[in-house]
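The values are calculated or read from the model by the stated rules, or taken from the named source; none is laboratory data. Bear in mind that the values here come from a model prediction, so they are computed numbers and not experimental data. Note that we place each Cβ from the backbone using ideal geometry, even for glycine, and neighbour counts take in every protein chain shown. Ligands, DNA and RNA are stripped out before the accessible areas are found, and what is left, the full protein with its side chains, is counted by its heavy atoms. Shrake-Rupley method; radii C 1.70, N 1.55, O 1.52, S 1.80 Å.
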Amino acid sequence: MKTHLYIGLFILALISASCNKSQQVDETNSEFIEITKAQFASENMALGDPILRTFSESVQFTGSMIPSVNGKAQISLPLAGTVDRIFCAIGQPVSKGQLLIDISGNDLIDIQKDFAESSAMLKRLKSEYNRVNDLFAENIGTEKELILAESSYKSENARYMALKIKLERIGLDLAKIENGSFHNTYSVKSPIKGYITSLDVTIGQFIEQQFVILEIVDADQFQIKFSVFEKDMGKLKIGQHITFNLIGDKNKKYTARLSTFGRIINTETKAIDCFAEITDSKNLNAINNQYIEGNINIDSISVYSLPVDALLESESENYVLSLEKETEESLYFSKIKVTTGALNKDFIELVESPKMNKLLVKGVYNIQLK
């Protein structure tokens, strides 16, 4: 009876050892790792070779969408006055030259009066200067009279031209004013196309010249602004390719080109501001100051690599399984130590490795090394 018990226990031990043989390696007792073909098929294992693959070094960043220098306009009044009418609202798209606000006030009336008076005075002084100049040419008038007439004419001409430029900036009809017909209001128009991001006025409000009343941003002239740490600045070059996405939408990728970077380090963040122009804005529905994240592609090299899933780790070392022999029932592998490098999604660079046969590149997660 005891003999039968011992035989039974011995058979169970053999079965258990056979089941675990493909899962663990005892380096002192076995030269190879055995994996049965049944296990190979059931666990969807696969053989393969290192593949030559392109790896890119990149610098990650976070930043925001901002308009370029010509894509943003802050509007103040060329002449102080009172808001008479408002023709726009925050968020409204506007075209270049579109009417935004009408302004009235005493300053508008005074500058038109000054211009009309200067125009009339200039005509008289010019006529006087020409008369005196003709007399001087005939040796009738004196040089003193000529100098005085010339000085008065040029002084008034300077005043006239200054007033003319101011009124032209406002957009008023100069011929009408010179004939004594004045405008009650002048219009503030959009200098660029875009959409209104701020509007800080109400009807009846008196606005000084230096006060910013409107901001317009052109979404077609967005660029990206981001910061790069000091340690990475040596890797940057103008023109480098950038990929980015809007925060919260990682599925849509856009491209940009590094256009410039700052020459001063922020003492608090130890970072430098960089700017890039967007090269692929198709379907980019961005808004001003929206946050983004992306990568600057620094360099690309072709290296031999394996799927990350092909690696086995033991005592902080990386190994792969190389096929050494095959029977009808099993595959036999040897473990080979490898040195790895950069990571590119699901693949890892092989920096240094000896000559190898076919490798187990899929399904190694159940295999344990002692």
Among ALA73, ALA116, ALA137, the residue with the largest mean-square fluctuation in a Gaussian network model of the chain built from Cα contacts under 10 Å is ALA137
Result: in segment 132-197 the number of Lys pairs with C-alpha under 17 Å apart, spaced 8 or more or on different chains, is 5
Where a ≥ b ≥ c are root eigenvalues of the Cα gyration tensor, a/c under 1.5 meaning rounded, otherwise prolate if a/b exceeds b/c and oblate otherwise, segment 243-370 counts as prolate
Heavy-atom accessible area per residue of segment 229-356, all protein chains kept, 1.4 Å probe, expressed in Å², is 63
Among SER281, SER64, SER155, the residue with the largest mean-square fluctuation in a Gaussian network model of the chain built from Cα contacts under 10 Å is SER155
Cross-link reach from LYS252 to aspartates and glutamates, straight Cα distance under 16 Å and at least 8 residues apart if same chain, gives ASP280, GLU293
Using alpha-carbon coordinates alone, the radius of gyration and Dmax of the chain in Å work out to 40.7, 157
Computed about the Cα centre, the charge dipole of segment 103-192 from +1 Lys/Arg and -1 Asp/Glu charges at the Cβ has a magnitude in debye, to the nearest 20, of 340
Magnitude of the Cβ-charge dipole (Lys and Arg +1, Asp and Glu -1) of the chain about the Cα centre, nearest 20 debye, reported as 400
Within segment 29-76, DSSP-loop GluC sites (Glu not before Pro) with at most 11 other C-beta atoms within 10 Å are GLU31
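For the chain, give me the percentage of DSSP beta bridges that are antiparallel, rounded to the nearest 5 percent.
Working: 88 of 90 bridges.
Looking only at bridges with both residues in the chain, the antiparallel portion is about 100 percent.
Using a probe of 1.4 angstrom, how much of the accessible area of the chain is carbon and sulfur, in percent?
Details: 11300 of 22640 Å².
Taking all protein chains in place, the chain shows 50 percent carbon and sulfur surface.
Probe of 1.4 angstrom, ligands and nucleic acids ignored: what's the accessible area per residue over segment 118-157, in square angstrom?
Working: 2900 Å² over 40 residues.
The answer is 72 Å² per residue.
Would you work out the charge dipole size for segment 299-341 about its Cα centre, treating the Cβ of every Lys and Arg as +1 and the Cβ of every Asp and Glu as -1, and quote it to the nearest 20 debye? Can you show the working numbers first?
Values: 3 positive and 9 negative charges, 30 e Å.
Dipole magnitude for segment 299-341 comes out near 140 debye.
Would you calculate the volume per residue, in Å³, of the smallest convex hull containing every Cα atom of segment 295-345? All intermediate terms of the calculation are to be shown ahead of the outcome.
On the way: hull volume 6.0 nm³, N = 51.
Value for segment 295-345: 118 Å³ per residue.
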Given the candidates LEU146, TYR129, ASN157, the one whose Cα lies deepest towards the positive end of the charge dipole of segment 107-173, counting +1 at each Lys or Arg C-beta and -1 at each Asp or Glu C-beta, is ASN157
Partner aspartates and glutamates whose C-alpha sits under 18 Å from that of LYS270, ignoring same-chain residues fewer than 8 away, are GLU230, ASP232
Any aspartates and glutamates whose Cα falls less than 14 Å from that of LYS362, other than same-chain ones fewer than 8 residues away, would be GLU43, ASP49, ASP309, ASP346
Residue-normalised 222 nm signal for the chain, counting each DSSP H run of n ≥ 4 as -39,500 (n - 2.57), nearest 500 deg cm²/dmol, is -8000 deg cm²/dmol
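What is the Cα radius of gyration of segment 174-299 over 2.2 N^0.38 Å, N being its residue count?
Numbers: Rg = 21.4 Å, N = 126, 2.2 N^0.38 = 13.8 Å.
Working it through for segment 174-299, the quotient is 1.55.
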Out of TYR291, TYR186, TYR332, a Gaussian network model of the chain with alpha-carbon springs under 10 Å gives the largest mean-square fluctuation to TYR332
Links exceeding 26 Å between C-alpha atoms in this model, out of LYS225/LYS253; LYS237/LYS337; LYS225/LYS250; LYS325/LYS345, come to LYS237/LYS337; LYS325/LYS345
